[in-house]
Amino acid sequence: STIASFQSNNMKFLNLKGFSRNEISGGNDFVAVYDLPQNTSEPAHLSAIDTSTLISRNPDIVHIDAAHRQGLIHHGAWILLIDSNQKLLMLKRGPQLITCPNSWSPMGEHRLRYESIIDTVKRGMNEELGPIVWRRYVKRAGNLTSLPLYYIRDYGEANENRVDRQVTWIYHVQLKSPGETVGNVMNLDSEVADWGWFGVNEIEEWLQRTPDDFCHETIVQMLKISLDSLGESLKRHDQVNIRAEIE
């Protein structure tokens, strides 16, 4: 079937058939890194940022570990995978992991060198869930905000003073089928201890009830903004579908 391509307000949906040579960059963990213009203050956490203002560093490509150790600006995506019942896939990190063990979040992925953001989203889903989900069940995918958000987190001495400065795109990936169906073909990696499909309201209540389930406050803030944008997007598409059925 043909994957939908359309535009609604700030949410630009892309034709997902065919990917560029950029896909060959997957698996090497090297990212493009950037500086802010001279005499420019660092943007506030989770503020919108125009990527055209960023300046490539020299060297402009480093390993993701070096980007975190040096606090360099790089790109990435949060992937809000929504089933046909409008529920979001949340993953729980394994207890053996050093960063954020036993914490819940949506999928996320760093953009590797030469990738476009949609390449990153596809690769991230393939690595986390296996290739069948993208190939068989994705209906559309689109950016939820007109500009990405500037995410910054200082992990402190306990994590060797790593600083994550990520220009973060929030992607809504819409599935054709219920989570129960998609879950049957997911091939989760060893870092995932648990998973589930949750409604937007359920996650908002969860954030209020037990915010410690989500690793740290910057993730909680990011998730709240993402859910707000997602909720508006889901309402718009409900209205589009209702109008289509009436007409």
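Each reported figure results from applying straightforward, stated rules to the coordinates on display, with no laboratory input. Being a predicted model, the structure only gives us computed values, none of them experimental. Every residue, glycine among them, receives a Cβ derived from its backbone with ideal geometry; neighbour counts consider all protein chains shown.
Overview of values
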| quantity | calculated |
| --- | --- |
| Stokes-Einstein diffusion coefficient of the range 7-246, Kirkwood radius over Cα pairs, 10 °C, 1.306 mPa s, in µm²/s | 85 µm²/s |
| DSSP-assigned coil residues among GluC sites (Glu not before Pro) in the range 134-242, each with at most 11 further Cβ atoms within 10 Å | Glu160 |
| Assigned charges on the beta-carbon of Lys, Arg, Asp, Glu; the range 70-142 dipole about Cα centre (debye) | 200 debye |
| Rg followed by Dmax, in Å, when the range 127-247 is reduced to its Cα trace | 17.0, 60 |
| 13 Å reach of a label modelled at Asn161, 7 Å along Cα-to-Cβ, counting backbone N of the range 49-87 | 69-71 |
| Antiparallel DSSP beta bridges within the range 7-246, as percent of all bridges there, nearest 5 | 80 percent |
| Debye-sum result for the range 157-204 in log10 I(q)/I(0), which assumes one identical scatterer on each alpha carbon, at q = 0.16, 0.19, 0.31 Å⁻¹ | -0.82, -0.98, -1.17 |
